[in-house]
Amino acid sequence: MPGRIKDAGNLYKKIRCFNSLKVKKIIRGNNMIKKLSSIATLFIILIFASSAFAQSGAASGLKFDPYISVRAFLGYHYMDEAGKSSETELVHRLQANTRIGTKMEVAGVKAHVEIGLNTNAQGDPAYLRLAYATYNFQDFQIMVGQNYTPYFFPATGDYIDDNGLGSFGHASDGRNHQIMLSWKGAYLSLIETKKSTGAETVADTTVIFPKVALGHDYKFGAGMVGFGGAYNTIKIDDASKAYDGKYLNSWITYLRFNLAVEDFVLRGSAMYGFNTGNFGLDARPAANADSIGVNMPTSAVAVGGKFKDSKHFMGYINPMYKLSPSILIGLGAGYAQVDNSEYAKTDRQVAYFVNMKYDINKYFHIAPEFVYRDFMKDENGAKQGSEFYAGAKVQLDVF
C-alpha cells in the first residue's frame with residue numbers, strides 16, 4: 001500500500017508538471033479547458049487511487065463502491081408559449097444528471113462523492129453534485145458536506161432530468177453545504193444561508209445565522225411519513241433603501257409520505273411557505289433548452305420601507321403500481337400557486353405525467369413517459385402557455 005501511495009504521488013507530480021509546462025500556454029484565457037484539465041487530472045488520480053484501495057481494501061477495512069449512471073431522453077416536445085407560434089420538435093440529448101461517483105466506508109465513516117458529467121445550469125462541462133460524509137454514534141448520526149436538503153422529496157417523473165414536478169409540487173433548493181444531526185428519524189440541519197433579495201438589488205446583506213431545518217420522519221415497515229419546517233433570514237445593509245437595517249425573513253413548512261401496500265405505492269408531498277424565492281426554493285419549473293421558462297414570483301415585494309410577503313403553496317400526488325418484477329407504472333399530478341397583496345391575480349400552474357419503468361436487467365432500464373404542463377396565468381392575469389412531451393428515458397448503470 002505505501003508503494004502505491006508513493007506511485008500516486010509521483011503520478012500527481014508528473015500531471016501537475018505536464019499541466020504547468022506543456023498545457024499552460026494553451027489553456028490560458030480558456031476557462032472551459034482549464035476546468036476540463038482539472039477534471040481529467042482528478043479522474044486519473046481517482047482511478048489510480050481506487051485501484052490501490054480495491055487491492056488493499058480487505059486489509060485496511062475500506063469499502064469502495066464506484067458507479068457510473070448514463071441517462072438520455074428521446075421524444076417529441078410540443079410548446080405553445082404565449083405570444084409565440086406553437087412548435088413541435090424532436091428532442092434528444094444526454095441528461096444533465098448523468099453522473100460518476102463513489103461511496104466509501106472506513107472505520108465507521110461513510111463518504112459519498114458524485115460528479116455530474118454533463119452541463120448544468122451554469123454551463124459547466126462537469127460539476128460537483130455530492131460531497132459529504134456521515135458518522136454514526138449508535139442511534140445518533142452526523143452528516144457534513146454538500147448534499148440534498150432534508151425537505152427535498154421528488155416525485156418519480158423522469159422528464160427534465162428526473163425532475164418532472166420540480167416547482168409543481170416538491171420543494172427543492174438544490175444540493176447545499178450543511179451540517180445535519182439526526183436521531184431516530186428526527187433531524188436538525190444547519191444549511192448555507194440564501195442571500196437572495198428577489199428582484200431587488202441591494203448593496204449588501206448580512207447573514208445572522210445559518211438556514212435551519214427541523215423535522216421528523218416516521219418509518220413503519222416499507223412506509224414513511226415526515227413533516228418539518230425551515231427558516232432563513234438576512235439583514236439588509238443598503239442606506240439607499242427605505243428598508244435598510246430590516247430583516248428579510250422566509251420560511252417553509254412541509255409534509256411528505258411514501259406508503260406501500262404489497263405492489264402499490266402512494267407517494268406525495270405538500271409545502272406552504274412565505275417568500276420562498278428568498279428562502280432559495282426553485283421558482284422556475286424544471287426545464288431544459290426546449291421548455292417554456294416561467295418564473296413564479298415567489299420572493300417578497302418591497303413597498304416603501306416594508307416587505308410584502310408572498311404566500312406559496314404546492315403539492316403533488318404520485319401513485320405507482322408494480323405490474324411485474326421488471327415493470328412499474330406510475331401517475332403524477334402536481335399543483336402550485338403563489339399570491340401577494342401586491343399582485344392582481346393568484347399565479348397558478350399544474351402538471352401531470354404517466355410513465356412506465358421497464359428494467360431490462362439490473363443495469364439497463366427504459367422509461368416511456370407522457371408529460372403535460374400548463375403554466376396558466378401569471379400574477380397580472382396574462383396567459384403563459386402550456387407544453388407536453390412524449391418520449392422515453394434510457395438509463396445504463398455501471399458497477
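Out of residues 5 or more away from residue 153 or on other chains, whose amide H comes under 5 Å of its own, with H placed 1.01 Å from N in the peptide plane?
171
Using the Karplus equation 6.51 cos²θ - 1.76 cosθ + 1.60 (θ = phi - 60°), what ³J(HN,Hα) coupling, rounded to whole Hz, does each residue of the range 164-178 give in order, writing x for Gly and Pro?
Using θ = phi - 60°, the values come out as x, 9, x, 6, 9, x, 10, 7, 9, 10, x, 9, 10, 6, 7 Hz.
I need the phi-derived Karplus couplings for the range 63-71: 6.51 cos²θ - 1.76 cosθ + 1.60, θ = phi - 60°, integer Hz, Gly and Pro marked x.
Each residue's phi maps through the Karplus curve to give 9, 9, 9, x, 7, 9, 10, 9, 9 Hz.
From the phi angles alone, apply the Karplus equation (6.51, -1.76, 1.60; θ = phi - 60°) to the range 207-224 and give each ³J(HN,Hα) in whole Hz, x where the residue is Gly or Pro.
8, 8, 7, x, 4, 10, 10, 9, x, 8, 10, 8, 10, 9, x, 8, x, 7
Expressed as a whole percent, how much of the Cα-Cα distance distribution for the range 274-399 exceeds 18 Å?
Working: 4913 of 7875 pairs.
Percent of Cα pairs beyond 18 Å in the range 274-399: 62.
P(r) tail for the range 189-248, what percent of Cα pairs lie past 17 Å? If you can, show how the numbers build up before the last one.
On the way: 931 of 1770 pairs.
Tail of the P(r) past 17 Å holds 53 percent of the pairs.
Residues with amide H under 5 Å of residue 246's amide H, sequence separation 5 or more or different chain, H placed in the peptide plane at 1.01 Å from N; which?
Here 236 satisfy the definition.
Taking amide hydrogens as modeled 1.01 Å from N in the peptide plane, which residues meet the under 5 Å criterion relative to residue 212, leaving out close sequence neighbours?
Hits under the 5 Å cutoff: 191, 231.
Applying a 10 Å radius around every beta-carbon, put 79-85, 150-156, 371-377 in order of their mean neighbour count, most first. All intermediate terms of the calculation are to be shown ahead of the outcome.
Values: 79-85: 13.3, 150-156: 22.4, 371-377: 19.9.
So the order, starting with the most tightly packed, is 150-156, 371-377, 79-85.
When each pair of different Cα atoms in the range 97-187 is counted once in the 1/r mean, what is the Kirkwood radius in angstroms, to one decimal? Don't jump to the answer; show the numbers that get you there.
Values: mean 1/r = 0.0681 Å⁻¹.
About 14.7 Å, per the Kirkwood formula over Cα pairs.
Within 12 Å, Cβ to Cβ, of residue 217, how many net charges do the neighbouring residues add up to if Lys/Arg are +1 and Asp/Glu are -1?
+3
Using +1 on the beta carbon of Lys and Arg, -1 on that of Asp and Glu, and nothing else charged, what's the dipole of the range 62-398 about the Cα centre, debye to 20?
The dipole magnitude comes to about 600 debye.
If the only charges are +1 at each Lys and Arg Cβ and -1 at each Asp and Glu Cβ, what is the size of the charge dipole of the range 235-318 around the Cα centre, to the nearest 20 debye?
Values: 9 positive and 8 negative charges, 77 e Å.
My answer is approximately 360 debye.
Please give the Cα centre distance for the range 136-210 versus the range 301-329, rounded to the nearest Å.
One Cα centre to the other: 15 Å.
Given all pairs of different Cα atoms, what value in angstroms does the Kirkwood hydrodynamic radius of the range 62-398 take? List each step's numbers first, then the result.
Details: mean 1/r = 0.0467 Å⁻¹.
After inverting the mean inverse Cα-Cα distance, the result is 21.4 Å.
Just so you know, all these numbers are worked out from the coordinates, no wet-lab data involved. The model shown is predicted, which means the values in this text are computed figures rather than measured ones. Every residue, glycine among them, receives a Cβ derived from its backbone with ideal geometry; neighbour counts consider all protein chains shown.
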